[in-house]
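A short reminder: the numbers here are calculations on the coordinates, not readings from a lab. These numbers come from a predicted model, not from an experiment. Glycine also receives a Cβ, built like all others from the backbone with ideal geometry; neighbour counts cover every protein chain displayed.
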Amino acid sequence: MVKLSIAPKSHADAQLTEYLETYARRIQATPPGMCPLALQLTLLQASAAQTCGKCVPCRDGLPQLAALFEKVVACQADESTLTQIKELARMVKGSSDCAIGYEAARSLLESMNTFAGEYSSHINNKVCTQDIEQTVPCETLCPAHVDIPSYIALVGEGDYAGAVNMVRKDNPFPTACAYVCEHPCESKCRRTLIDAPLNIRGIKRYAVDEAPVDTVPIPKRNPDTGRKIAVIGGGPSGLTCAYFLAQMGHAVTVFEAHKQIGGMLRYGIPAYRFPRERLDEDIQAILAVGGIEVKCEVTVDARQMKEIAETYDAVFVSIGAHVGKPLNIPGSDSKGVYSAVELLSTIGDGNYPDFTGKRVVVVGGGNVAMDCARTAVRSGAKSVGIVYRRRKEDMTALAAEVESAIAEGIDMILLAAPVSIETDEQGNCKALHMQPQLIGPVKGGRPTPVDANKDQVRIPADIVLMAVGQDIVTQPFEEYGMQAHRGAFVADEYLKAQGLENVFVGGDCQTRPATAIKAIAAGKVAARNIDEYLGYRHKLTCDVVSPEPHANDRTPMGRVDLIERPAHIRKNDFEDVELGMSLEEVKQECARCLRCDHYGCGEQEGGRVQYV
Amino acid sequence: MSNIKLTIDGKTLEVVKGTTILAAAQMADIKIPTLCFLKDRSAIGSCRVCVVEVEGMEYPLPACKTVARDGMVVTTSSERLTTYRRIALDLIVSNLSEEAWKVDEASSAADTNNNQLQTLCQEYGIETASFKTAAPPKPKYDSNPFLSFDPNLCIRCQRCVGACNSAARNHTLRTGKKGTRTTISAPFGKNWKSTECESCGNCAQACPTGAIKAKVKLNYQPGEVQTTRTTCPFCGVGCQIDLKTKDGKLVDVEGANGPANKGLLCVKGRYGSYNFVDSNDRIRTPLIKNKQTGEFEVASWDEALTLVTSRLSDIKKQHGGDSIAAFACSRSTNEDVYLFQKMARTVFETNNVDNCARV
Ligand code: SF4
Ligand code: SF4
Ligand code: SF4
Ligand code: SF4
């Protein structure tokens, strides 16, 4: 061959790239509840198919491993098969020439630890473990297990009030979730197999915008049971618990330390992401159930907690995580250095800071850091920068939040670890000094930064906002008798506080700072389990019927994304940043839903995750 | 070129920078097993039998293609290495029909290289194939008059490919269908004549299992032959060969490691160089043409030489030395050809000398 060609080396490669996208979508849509060993087998087979055929461990070893592993998946293997697999996998890992071979074996060996329980069940009991069972993806992955396919169908039919009540059956915060939920429900949406996951949150937003939840009548409350339950902390978790307990007929008293209830939805999330009046709609609706008494500005101490536990039939502790973690570097006590959560908390009561002409630096890479930085922009800051130790992709904030922050002119100062804060003679903050970082080895699944061989850098700063995590005030409750481990309360999976009879605990104060929907789910679980603890088994209905499904429309169609108001406009006000869907858009989006409650596993016994 | 120092099995060695661990070990007489490696031809690290432990590395490395570094500490045997080598051999033999690796004296391959897999299996105690796959037997490629390929014996080590590429420089023998189904496309099938293959047999000599076989090997057992090192008489290159004789008859030739051929041979050297010795067409006595009948008749050496001397003397006398040319056969040795031209120049008085070493 003397002639050179500009064609791809392999003519199939171009088509393959497109095909791989299909492959990747299938992996992404791996249904929840699938047997991990069956999945591992496909990975092994895919690896074997990728061999170039040069070296024995990979070319001959991987197909043999796959053949042996098939027996494990089929529950036809015994310990000796496992020993043979392990020995062969070690050799493939230890002596393949390139990563195609050794990585395949490494992941197989790793799965033997990660899924040890599943292996043992396949070998010893000849079945998958009990919880290996497929269920409707969106509903399963929503922590509150909202009946998503049903409310999507209701929105599709134009019954927005019905959709709101369908959500409410499992989650009394439809508006909050429509605006700020991180939507884990979308992550494995089956529609991904065809084009992309449904914009579930966007659909819900359409429903609550069309039928504001405080205008949608709530299903009737059960007759009074005469039982009294105390909820400590009126955030999403506490209020959800109160809502369901009140629905069941119990009398609930909510003790709230702040001026108003709403928790982090009010004192953590800025109004431009979730307008206050919309939060009030959710809260009004919850209180409209009846039987809920709210006591604000009550900080429960150990003595009161004891009293409450003795006077009430049960207590649910959901105090959240409201104290900003300090970053102890020289100068961190100077004037102009604030905790991010405390800033957001002040704003929650309507006291906006004035940063006019100030240079603001936010330390941290989570959603709180983004919220603070974007708040600072709206409070007149001359410049706003976010300082983060790792890279942009390592930030724990939602990618969309980071993108929006950048669009609003916020500087991302990455791979920089704060070292000290420089002050003037009056003790005012002047600048932040940082040590450049080098992204290093992956530990616990994340690359860790290490000091780079570079000089420290200085950025001028009049205000430094620390957003490096939140603490939980466990001390008074520990004094009373609750258990805490590494700063968070300890409870079993049913949220019963360890060592106590009638105390339940959940939300951020038990999980450490997490998402609103997880807190809501905890509130629901606590309400159910308190009801059960009190000897009841109340059933709740939502009085809405799930519409009959249409046959699947399989035409690939783009996903409707929500757009935001232009950055240069929105950054001047605290109005909602995001724009909802149009009727045309929501109809198209709803029509993409494959109704997995009806098609596929959802219809068979055990295919749903629903409570009645 | 600078030297580096490394330690293998406790022995400290100094070698030229760029030397592989395997080459360094061989210099120190430390044995590292190899299978797919073929010196100067192929070091692709396919079989993983030559893996060794290198201090500081989490996993073993193939000695054949890992260049030694200064200060390296190498261990050539350990429990882990033995296990890995055993599994590698086990995986290899699991794909083969048993004749390729089961030791059976009577059928063991004749070529010195061709039983390497058997030897290794014996050394590592491989008696059964643990990963036996029931693949249907594949057809043989058997149309080339000198060579055949049996895929059922092939371990896909690609030594033959290396031999054809970098030794024969023919690039005719390639791997086909890469991946798990990697095969060797040996050009010995029905269309063998239309391929570029020169039937030089270097691939067969490279094969460690006898999958590619020179057909002459089927005519004798290794124990029955004697080996004589000599020079190939076919042309002037001077390739070193090992002649194999059975009951006083030439039966085979193998390329020996001579300075001119480095173990290689061409088709004529390998399959033609000795065949004329016992050919029926061979002329075994001088022949003189009978002028009456026009037929050649058997003569004695004296008669023949007398005739040649008188005719040449007459020609020289009548027409001068320049009318004579001396043409030597290149199958003769250098010494003979030297004497022959000397005779031409001094006795015939001619400078018209040439030979046929242009084949
Ligand atoms: S490990 Fe790499 S070099 Fe070896 S066969 Fe697999 S793909 Fe080829
Ligand atoms: S297609 Fe519809 S029902 Fe299925 S997972 Fe997605 S949103 Fe849920
Ligand atoms: S006989 Fe020679 S040319 Fe033909 S395939 Fe073998 S090495 Fe190549
Ligand atoms: S024919 Fe022989 S040398 Fe060639 S790959 Fe097969 S076993 Fe190796």
Averaged over its residues, how many other protein chain Cβ atoms are within 10 Å of peptide B:28-35's Cβ atoms? 0
For the table A:259/A:325; B:140/B:249; A:188/A:518; B:138/B:213; A:325/A:392; A:169/A:524, the rows whose alpha-carbon distance is greater than 19 Å are A:259/A:325; B:140/B:249; A:325/A:392
Under the rule that an exposed site lies in a DSSP loop and has at most 16 other Cβ atoms within 10 Å, name the longest stretch of chain A with no chymotrypsin sites (Phe, Trp or Tyr not before Pro) of that kind, not counting the sites themselves. A:1-493
Under the definition of partner shielding as Cβ atoms of other protein chains within 10 Å of a residue Cβ, what is the mean value for peptide A:46-59? 6
Over chain B, what is the mean sequence separation of C-alpha contacts under 8 Å (at least six apart), divided by residue count, expressed as relative contact order in percent? 10 percent
Between the stretch B:214-258 and the stretch B:115-173, what's the alpha-carbon centroid distance in Å? 23 Å
Please work out whether the stretch A:324-470 counts as rounded, prolate or oblate from its C-alpha gyration tensor, where a ≥ b ≥ c are the square roots of the eigenvalues and a/c under 1.5 means rounded, while otherwise a/b larger than b/c means prolate and anything else oblate? oblate
Over the stretch A:1-148, what relative contact order in percent results from Cα pairs under 8 Å that are six or more residues apart? 27 percent
Take residue B:351 and residue A:74, extend 7 Å from each Cα along the Cα→Cβ direction, and tell me the distance between the two endpoints in nm. 8.6 nm
What is the local net charge at residue A:254, summed over the other residues whose Cβ is closer than 13 Å to its Cβ (Lys, Arg +1; Asp, Glu -1)? -1
Chain B, Gaussian network, Cα under 10 Å: of B:184, B:288, B:92, the residue fluctuating most is B:288
For A:323, B:225, A:208, which order do you get if you count the other beta carbons within 10 Å of each Cβ and list the fewest first? A:323, B:225, A:208
Could you work out how far the C-alpha centroid of the stretch A:335-359 sits from that of the stretch A:548-582, in angstrom? 30 Å
What angle, in degrees between 0 and 90 and rounded to the nearest 10, separates the Cα long axis of helix B:334-343 from the longest principal axis of the Cα atoms of chain B? 20 degrees
P(r) tail for the stretch A:92-163, what percent of Cα pairs lie past 14 Å? 75 percent
Write out the trypsin sites (Lys or Arg not before Pro) in the stretch A:424-487 meeting two conditions: DSSP loop, and at most 16 other Cβ atoms within 10 Å of their Cβ. A:454, A:486
Would you compute, from DSSP H runs of 4+ residues alone, the mean residue ellipticity of chain A at 222 nm, taking -39500 (n - 2.57) per run and dividing by the full residue count, rounded to the nearest 500? -11000 deg cm²/dmol
So, R0 is 41 Å and r is the distance between the beta-carbons of residue A:454 and residue A:21; what FRET efficiency does that work out to, to 0.05? 0.60
Computed FRET efficiency, Cβ-Cβ of residue A:12 and residue A:284, R0 51 Å: what is it to the nearest 0.05? 0.25
Of the listed links A:86/B:5; B:291/B:316; A:86/A:443, those spanning more than 26 angstrom between alpha carbons are A:86/B:5
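So which GluC sites (Glu not before Pro) in the stretch A:427-493 pass both tests, a DSSP loop state and at most 13 other Cβ atoms within 10 Å of the Cβ?
When the GluC sites (Glu not before Pro) of the stretch A:427-493 are filtered for loop state and at most 13 Cβ neighbours within 10 Å, A:493 remain.
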For chain A, what ratio Rg/Rh do Cα atoms give with a Kirkwood hydrodynamic radius? 1.00
Sites matching GluC sites (Glu not before Pro) across the stretch B:17-102 that sit in DSSP coil, with at most 10 neighbouring C-beta atoms within 10 Å: B:55, B:58
Mind checking the mean number of beta-carbon atoms from other chains within 10 Å of the Cβ atoms in A:87-97? 6
Over 18 Å between C-alpha atoms is what I'm after, so list which of B:193/B:262; A:335/A:430; B:31/B:102 land there. B:193/B:262; B:31/B:102
What ranking do B:171, A:250, A:538, A:258 get, fewest neighbouring Cβ atoms within 10 angstrom at the top? B:171, A:538, A:258, A:250
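For an R0 of 30 angstrom, estimate the FRET efficiency from the Cβ-Cβ distance between residue A:382 and residue A:403 and round to the nearest 0.05.
For R0 = 30 Å, the calculated efficiency reads 0.85.
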Amide N proximity, the stretch A:556-598 versus residue A:356 label position 7 Å along Cα-to-Cβ, cut-off under 16 Å: A:572-573
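Just to confirm a number: summing +1 for Lys and Arg and -1 for Asp and Glu over residues other than residue B:231 whose beta-carbon lies under 13 angstrom from that of residue B:231, what do you get? Please list the in-between numbers first.
Working: positive: B:229, B:331; negative: B:242, B:335, B:336.
In short, -1.
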Expressed as a whole-number percentage, the relative contact order of chain A with C-alpha contacts under 8 angstrom and at least six residues apart is 16 percent
